[in-house]
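K.L.:
This structure is in structure tokens; I'll ask about it shortly.
The values are calculated or read from the model by the stated rules, or taken from the named source; none is laboratory data. The model shown is predicted, which means the values in this text are computed figures rather than measured ones. Note: ideal-geometry Cβ built from the backbone for every residue, glycine included; neighbour counts use all protein chains shown. To get the accessible areas, we keep the full protein, side chains included, count just its heavy atoms, and leave off ligands, DNA and RNA. Shrake-Rupley method; radii C 1.70, N 1.55, O 1.52, S 1.80 Å.
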Amino acid sequence: MLGNLINALEALSPSQKFYWLIGGVAALLLIASVIGWLLNRRLLARQNPSETSQKVINNLIARVNAWWVMVVILGIAFLAGKLGTIILFGFISYFALREFMTLTPTRSGDHRTLSLAFFLLIPLHYYLIYIEWYGLFSTLIPVYAFLLMPSISVLAQDTEHFLERAAKIQWGVMIAIYCISHAPALLLLPIINFEGQNLLLLFYFLLIVQLSDVLQYVFGNLFGKTKVAPVVSPNKTLEGLVGGGLSTILVGAALWWMTPFTPLQSAGMAAVIVVMGFLGGLVMSAIKRSLGAKDWGSMIEGHGGMLDRMDSVSFSAPIFFHLVRYFFTS
């Protein structure tokens, strides 16, 4: 029976695989919505519900509702194809960079550099993905923009905290544009025996990285005792990382049929995504702490800002992209 199931999954067309995945995700969200509704109803039935319990359940419901919106937007973008997906991630980078720069102090001498980043660098960088110019895509920001941005800022002749300001702008551009853009950049890879299915690989990546965050949150709340970095991120626990990470790796292995990987390779890729996503969350939390902020913004109810949802993606996407490019492309 298992062999027949595997053969049936392999025989699905790319569009059929996509619809099955969307249906599966929608089913999981429906279950989560029902659970949230039941928990909230049960809590309200108590005479004196605790404030902590109410807060946790309200947060769960807000997160699930936000996920419905995000899945619908992602689904529409994927159905629109390559161009729609790239445009979507271009807007994601725009909002993520805006949140980063809002929390990061700048001066009037930086305004021309910031205008360059928002209105030239973002569209140009994503246009390079669209036309599949990997050589310039991979060097535009870490080489040319890295040198050009402080060169433009210095013309304003404002030397106060110049190194600190230049580094903050460069770091924001690297995280919000360059690193995040490696997710849609999966579309430009000529993967062996996987022609026309790169959107599925992008969906796989996003599903694994976000599922890892959710499962680590769930396992952390249920079993978390050992804080990994309590000063940086009090909610991240070893139990959450291990339980959520292993669960995500198992799901990744089970989804091998929508990737160019074998089940073992898919598990390994999922493990890399889990580890890098966890580190990305820690690093971005440390930056928020240093800036005196709890969240990057309030754009997504229950999740914080765009960058709060993309912190794991920003660290895992470049590593995943280059592993696929090195081992699975012609």
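K.L.:
Note the full-extension length gain between SER330 and LYS55 as 0.36 nm times their separation in residues minus their Cα-Cα distance, in nm to one decimal. It would help to have the intermediate numbers written out before the result.
P.N.:
Working: separation 275, 0.36 × 275 = 99.00 nm, distance 5.08 nm.
Length difference between fully extended and current span is 93.9 nm.
K.L.:
Further question: Of LYS168/LYS288; LYS225/LYS288; LYS236/LYS288, which ones are farther than 19 Å apart at the Cα? Each step should come with its number before you reach the end.
P.N.:
Details: LYS168/LYS288 13 Å; LYS225/LYS288 23 Å; LYS236/LYS288 15 Å.
Long pairs (Cα-Cα over 19 Å): LYS225/LYS288.
K.L.:
Please calculate how many Å² of accessible area the chain carries per residue, with a 1.4 Å probe and no DNA, RNA or ligand atoms counted. Show your work: numbers first, answer last.
P.N.:
Values: 16710 Å² over 330 residues.
Accessible area per residue, the chain: 51 Å².
K.L.:
Straight-line reach from LYS17: which lysines have a Cα under 28 Å away, not including same-chain ones fewer than 8 places off?
P.N.:
LYS82
K.L.:
Which helices of the chain meet both criteria: a Cα extent of 30 Å or more along the helical axis and a mean Kyte-Doolittle score no lower than 0.5, with helices taken as whole DSSP H segments? Let's see the in-between values first.
P.N.:
Details: long enough: 14-44 (45 Å, 1.07); 51-79 (42 Å, 1.07); 81-103 (34 Å, 1.17); 198-223 (37 Å, 1.58); 263-290 (40 Å, 1.26); 306-328 (31 Å, 0.68).
TM-like helix candidates: 14-44, 51-79, 81-103, 198-223, 263-290, 306-328.
K.L.:
Label HIS322 and SER115 with points 7 Å out from Cα along Cα→Cβ: what is the distance between them in nm?
P.N.:
About 3.5 nm, to one decimal.
K.L.:
Continuing with this model, one more query. Considering the values (i) 1.05; (ii) 1.22; (iii) 0.93, which represents Cα Rg over 2.2 N^0.38 Å as calculated for the structure under consideration?
P.N.:
Answer label, from the structure shown: (i).
K.L.:
Carbon and sulfur together cover what percent of the accessible area of the chain at a 1.4 Å probe radius?
P.N.:
Details: 11330 of 16710 Å².
Carbon and sulfur: 68 percent of the exposed surface of the chain.
K.L.:
Let me ask something else. Compute the relative contact order of the chain as a whole-number percentage, counting only Cα pairs closer than 8 Å that sit 6 or more residues apart in sequence.
P.N.:
19
K.L.:
Along the Cα→Cβ direction, 7 angstrom out, place labels at VAL218 and LEU136. What is the inter-label distance in nm?
P.N.:
Once both label points are built, they end up 4.5 nm from each other.
K.L.:
Just from its helices, what would the mean residue ellipticity at 222 nm be for the chain, if runs of 4 or more DSSP H residues each count -39500 (n - 2.57) and the sum is divided by every residue, rounded to the nearest 500 deg cm²/dmol?
P.N.:
On the way: 13 runs with 229 residues, N = 330.
Per the formula, -23500 deg cm²/dmol.
K.L.:
Highest first, please rank the peptides 219-229, 95-105 by the mean number of other Cβ atoms sitting within 10 Å of their residues. If you can, show how the numbers build up before the last one.
P.N.:
Details: 219-229: 15.4, 95-105: 19.6.
Those peptides, ordered most packed to least, come out 95-105, 219-229.
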